[in-house]
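Chemist: Okay, here's the structure, questions in a sec.
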Amino acid sequence: MRSNGRSGKIGAAFAGIGRVFDAVRLPLGFAVLLAALFGFAFWNLVAGTQATSVSDAIDGLFNPQSPYRVIVTDVRLVRVIPAILLGGALALSGFLLQTFFANPIAGPFILGISSGAKLVLSVTMIGFLSRGIVANSVMLIAASFLGAMLSMGFVLAISYKVKRMSMLIICGVMIGYICSAITEFVIRFADDSNIVKLHDWAMGSFANVKWDNVIVIAAVVIPALIVTFFLSKPIGAYQLGEGYAQNMGVNVKAFRVALILLSGILSACVTAFAGPISFVGVAVPHLMRRLFKTEKPLIMIPACFLGGAVFCLICDLIARTAFAPNELSISSVTAVFGAPIVILVMLKRQKEGGR
Amino acid sequence: MNGTYYISAEKMTVGYDGRPLIENVSIGVRRGEILTLIGPNGSGKSTILKSMIRQLKLIAGTVVLDGRDMAALKEREIAKKLAIVMTERIRGELMTCRDVVETGRYPYTGRLGILTKEDKAVVAEALETVHASDFADRPYNAISDGQRQRILLARAIAQEPEVIVLDEPTSFLDVKHKLELLDILKTMVRERNVAVIVSLHELDLAEKISDRVVCVADGRIDRCDVPENVFRDDYIASLYGIRTGRFNALFGSPELPAVEGEPQVFLICGGGSGVPVCRALQRAGVPFAAGILPESDLDYPVAQALSAELYAIPAFSTASEAGTETVRARMLEIGRVISTVPTFGETNASNRVLFEAAKAAGILISAEEFLRGSDA
């Protein structure tokens, strides 16, 4: 009895704290995300195989004559910025796909979109290499986007046939496997020293990004983020269902095309420069929903972007430093953190009697 | 006449994938009026509604909204004039009821959809209209079906439309919530002069709230008329293809078929006292005779539907002595009598004769006793 009473009181106290927390949830949540973003970004600049102190890192960052200049900017910063931009792009792409399919475990990797991009991209790269041409950034994105759209086409065709959420995911995973298998095949049979790098890339890594790539990445991801943000209103309407969205004045057809193109561009850009990265797209939107307790796109879009950036910074930090000097592929780290979240989401929905 | 319709379908052919399901649909509704679609399952009520709100492509014909062809109107223009409450379930994850209602302001807000003070006031008023203010801030997924339906209606109201289209809004609700919802609709029509198109399953409710009724059956609009001309026993029975049982127009409800066979008991009834016994006998599977009822009696429609033999006289008349004698003989022949008539007066003097005769013969039995006996 007594312990019951006490836990009741404690429960009430927690509920009280919860209410107070709800009032400041929005500013506090974004403050935490921003702090984590800068914190982990800086940690990524400090940590690495070559020991650098905090002051060394600051020196390397702001002083062009610093002995640490190369290691901090040209080795580490050139990796931190794409981790931020591409991580954000992945999470945002996942959020858009989840909205589009009304399916909480949709994401660019799970639906096979990343793998489709990877396939077309590796075929293109090998094709160019065999003629002695190194494909440039724009070509990479274009090839990757084409692959993403091809996979997306398959997934869409399936989604018209089967309405069950689990079936869609299974089909997506299968498409992913098929594309990965063919990619593996193509890479094995292409005999070139450059292909070794291609193999690294096919596992997913931020290590191969160059400064001129970073500019292209920013030029693609940032406009896509802005466009997505300005689609907040129709996304919010679409969350109620297609019929209601149309009744509220959304041009549903055009809107669906916009969603597909945006999520495709975002995930294609990621795949083009960092390879397929698993689970960020599925897991981060859920973490953000838990953090902000809302589905409103006006909040979710910036939150997902920041959350994806932080998630990838943390994962890349672990990938680089956990077994230094050996480096893990980024996907193996994101999967360790992301997959359990997906399982939890599915269990929770099962409990709530979801589809 | 047509000019006064706020929204109307003109020679509309509707169906899925270009295959016509219902042809030549011409219906319309004025402001301040409720138009109800009734008809059997699968007759195409929802198809007509979905076509009128542009969720389905028309195969032929036009829909005119406020004097203009709807096909030429922009989504946003339509959104300010027409709101819907459909059967598709909305995904309200992590949304409060107020959030759901706020989406109704969509056509009025700016690019980012941020609500102004005026918008919030409209939302609060819509919540008030459907009596949902007290649970407005609860999660949408945590409320009951009846409450959800009200929230969806509030969402439509917040859209400040001139016409609301509802597809079977009462389907999953209990009696209380059904009445509440329809009462809100009636109030909306009266106070805001909106036009309402609604499809309903419940004929009794349709009869009560409709200004005009559209009957959909067999791939066509069978009838479009005022409820008085639609809710007739024989017409409803034929519309729904009821062969077993019958539709009771007076009560607006269907009756199960009578138990046929040689009557095992005679029921003296009148003034509504016989209805529960008629139903009980029907449930127990006992064929029975009933009388003597004027056609104007409250018991008449139910007794007529459920009895194997009925002794009736014209409305507001009294039975002749000779007639009473025939019935008395038949009653004694049946051999058991239940009487539910509490008092006898001038107009049911003939039933007093029957009652006295049964009493004298010692064959009077209470309904409870009889039913207990027939169970055993």
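Chemist: Out of B:289, B:322, report the one residue that is more than 27 Å from the chain's Cα centre (by Cα), surrounded by 18 or more Cβ atoms within 10 Å (Cβ to Cβ) and of a type in the set (Gly, Ala, Ser).
Modeler: On the way: B:322 fails: surrounded by 18 or more Cβ atoms within 10 Å (Cβ to Cβ).
Matching residue, one of B:289, B:322: B:289.
Chemist: Within 14 Å of chain A (Cβ to nearest Cβ), among the acidic types (Asp, Glu), farther than 29 Å from residue B:204 by Cβ and buried (at least 17 other Cβ atoms within 10 Å of the Cβ): does that describe residue B:17?
Modeler: no
Chemist: For the stretch B:178-198, check the following and say yes or no: at least one residue is at pLDDT 90 or above and within 20 Å of residue B:22 (Cβ to Cβ).
Modeler: Yes.
Chemist: Just to be sure before I move on: is residue B:57 within 14 Å of chain A (Cβ to nearest Cβ) and within 23 Å of residue A:246 (Cα to Cα) in the structure I sent? Even if it seems obvious, please write down each step before you answer.
Modeler: Values: within 14 Å of chain A (Cβ to nearest Cβ): yes; within 23 Å of residue A:246 (Cα to Cα): yes.
Answer is yes for this residue.
Chemist: So, of the residues in the stretch A:196-242 that are within 12 Å of chain B (Cβ to nearest Cβ) and assigned to a loop (DSSP other than H, G, I, E, B), which turns out to be modelled with the highest pLDDT?
Modeler: Selected residue: A:231.
Chemist: Does residue A:260 meet the test of being modelled with pLDDT under 95, open to solvent by 10 Å² or more (accessible area, probe 1.4 Å), touching a Leu at 6+ places or on another chain (Cβ under 8 Å) and away from chain B (no Cβ under 14 Å)?
Modeler: Working: modelled with pLDDT under 95: yes; open to solvent by 10 Å² or more (accessible area, probe 1.4 Å): yes; touching a Leu at 6+ places or on another chain (Cβ under 8 Å): yes; away from chain B (no Cβ under 14 Å): yes.
Against the criterion (modelled with pLDDT under 95, open to solvent by 10 Å² or more (accessible area, probe 1.4 Å), touching a Leu at 6+ places or on another chain (Cβ under 8 Å) and away from chain B (no Cβ under 14 Å)), residue A:260 qualifies.
Chemist: Spot the failing condition for residue A:347; the list is (1) part of a helix (DSSP H, G or I); (2) touching a residue at least 12 places away in the same chain (Cβ under 8 Å); (3) over 25 Å from residue A:141 (Cβ atoms); (4) open to solvent by 20 Å² or more (accessible area, probe 1.4 Å), and only one is missed.
Modeler: Result: residue A:347 fails condition (2) only.
Chemist: Of the residues that sit in the stretch A:243-257 and are open to solvent by 10 Å² or more (accessible area, probe 1.4 Å) and not in a helix (DSSP H, G or I), which one is nearest to the other protein chains (Cβ to nearest Cβ)?
Modeler: Among them, the one singled out is A:249.
Chemist: Looking at the stretch A:303-310, can you tell me whether even one residue there is at the interface with another protein chain (Cβ under 8 Å from one of its Cβ atoms), closer than 30 Å to residue B:138 by Cβ and part of a helix (DSSP H, G or I)?
Modeler: Start the filter on the stretch A:303-310 by keeping residues that are at the interface with another protein chain (Cβ under 8 Å from one of its Cβ atoms), which leaves none.
So far as the stretch A:303-310 goes, no, none of its residues is at the interface with another protein chain (Cβ under 8 Å from one of its Cβ atoms), closer than 30 Å to residue B:138 by Cβ and part of a helix (DSSP H, G or I).
Chemist: With over 28 Å from residue B:140 (Cβ atoms) and within 14 Å of chain A (Cβ to nearest Cβ) as the only criterion, which of B:49, B:94, B:73, B:35 stands out? Before you say what the answer is, go through the steps one by one.
Modeler: Numbers: B:49 fails: over 28 Å from residue B:140 (Cβ atoms); B:94 fails: over 28 Å from residue B:140 (Cβ atoms); B:35 fails: within 14 Å of chain A (Cβ to nearest Cβ).
Going through B:49, B:94, B:73, B:35 in turn, the sole match is B:73.
Chemist: Take the residues in the stretch B:1-54 that are part of a loop (DSSP other than H, G, I, E, B) and of a type in the set (S, T, N, Q), then tell me which one is farthest from the chain's Cα centre (by Cα).
Modeler: Selected residue: B:43.
Chemist: Hey, could you check the stretch B:97-133 for residues that are surrounded by fewer than 20 Cβ atoms within 10 Å (Cβ to Cβ) and assigned to a loop (DSSP other than H, G, I, E, B) and say which is farthest from the other protein chains (Cβ to nearest Cβ)?
Modeler: Initially, the stretch B:97-133 is screened for residues surrounded by fewer than 20 Cβ atoms within 10 Å (Cβ to Cβ), giving B:108-112, B:114-121, B:124-125, B:128-129, B:131, B:133.
Remaining after also requiring assigned to a loop (DSSP other than H, G, I, E, B): B:109-112, B:114-116, B:131.
Working: B:109: 7, B:110: 8, B:111: 6, B:112: 6, B:114: 8, B:115: 11, B:116: 14, B:131: 22 Å.
My answer is B:131.
The values are calculated or read from the model by the stated rules, or taken from the named source; none is laboratory data. This is a predicted model, so every value here is computed, not measured. Positions of Cβ are generated from backbone atoms using ideal geometry, with glycine treated the same way; all protein chains shown enter the neighbour counts. These accessible areas exclude ligands, DNA and RNA; they are computed on the full protein's heavy atoms, side chains included. Shrake-Rupley method; radii C 1.70, N 1.55, O 1.52, S 1.80 Å.
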